[in-house]
Structure formats: structure tokens, C-alpha cells
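Before any comments, here is the structure.
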Amino acid sequence: MTLHWVSATERIDLLADPVVRAVTNMEGVEVTEIDPGLADTAAFCERYGVTLEESANCVVVAAKRGGETRYAACMVLATMRVDVNGVVRRHLDARKTSFAPMADAVELTGMEYGGITPLGLPDDWPVLVDTHVAEHPRVVIGSGVRRSKLALSGATLAGLKSAEVLSLAG
């Protein structure tokens, strides 16, 4: 099946509300409609002919220290794994880091699980962008909902106000 990409601002009906607000003043962000049952990266890539090297995943982590929990988003290529307990924990100066519970991630982001994207996250969340993502000319990511995907340059992700570029793989 072929994907039909259009400017994200032309199809805001395919975006979660926080994502609509984020893309309003952004250029170069495209959206395409997909089967929501194929939103998971491997299934999406197989069905729509997108390679794992072109796809980036958004991993929400909870960082704990001194009874306080802070959240962050990590962007890595689908071919990589985030070093949550090493690189991310040290970078966030946390005693313990883990993947955020699904219910917390959904409630705090206003997005659907499996579609969470760094565009439109709470302002106080750091967005840790892996260097491989930041250097990529075009990556496919979530749109905040499971029925669509976004495409944009890694430089656009690296340029987000709360973005920090670093090597996230262990």
C-alpha cells in the first residue's frame, strides 16, 4: 500500500490535539493516514514498505530521584535500543529510570499509546534525540494517534525547544 504524504497542517484531523498545537508554526512536517492496527513500528514498516532505518521511536521514560519523578522522551531509530539505565539515567541525573507506565504516558501527553511523539509534549519534558536521528534527512515517527504517522527531518527534531542531542544507545 502506498502512503500519501501531505503537510501536517492540511490534515490536523489526523493528529492528537497537542500535536496540532505544535505543528501549527512548523515547516516540513508531513502526515499520512495508516491502518491503526499497523501503528507498531515493525508492522507499519512491513505493510507500508518503510525501512526500520527510516523510522524513529519515541520512548517515554520516568526518572526518579529523591521522591520526585520527572519524565523525558527519547528518540532513537527503530534499529536501536535506548540505554535507559545507563546513558539516560546519568544524563537525567536520576537514581532510577524506567519506561513510563502506559497509563501515565497517555494521561500526561494527551496522546495514544503507540502513537506518542515528541511534538506537543509538555514543555518541561526534555526530548533526548539520538545523534543518528538528528543526522537523518527524513524520519517517520508517531503523530499522537495510532491512525497516522509523521515524517520530518532529524534536524527538525533536534531543533525542538526542549531537545538535546546525544548518543542514546548503550
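Quick look at the numbers
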read-out	value
Exposed-site-free run, longest, the chain (rule: GluC sites (Glu not before Pro); DSSP loop; at most 16 other C-beta within 10 Å)	28-134
Label-point gap, in nm, between ASN85 and GLU164 - each point 7 angstrom along Cα→Cβ	2.1 nm
Taking the range 1-136 and dividing mean pair separation by its residue count, relative contact order in percent (alpha carbons under 8 Å, at least six apart)	26 percent
Contour excess over end-to-end distance, with Cα ends at ASP93 and THR51 and 0.36 nm allotted per residue	11.7 nm
Computed over the range 35-113, the ratio Rg/Rh where both radii use C-alpha atoms and Rh is Kirkwood	1.04
Estimated 222 nm signal from helices in the chain, with DSSP H stretches of n ≥ 4 weighted -39500 (n - 2.57), rounded to 500	-4500 deg cm²/dmol
For the chain: rounded, prolate or oblate by the Cα gyration tensor [a/c cutoff 1.5]	prolate
Residue with peak Gaussian network fluctuation, the chain [Cα springs, cutoff 10 Å], from LEU157, LEU108, LEU38	LEU108
Hits among lysines - C-alpha to C-alpha of LYS96 under 25 Å, sequence gap 8 or more where chains match	LYS64
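Bear in mind that the values in this text are calculations on the coordinates, not laboratory data. Being a predicted model, the structure only gives us computed values, none of them experimental. Glycine gets a Cβ as well: all are built from the backbone with ideal geometry, and neighbour counts include every protein chain shown.
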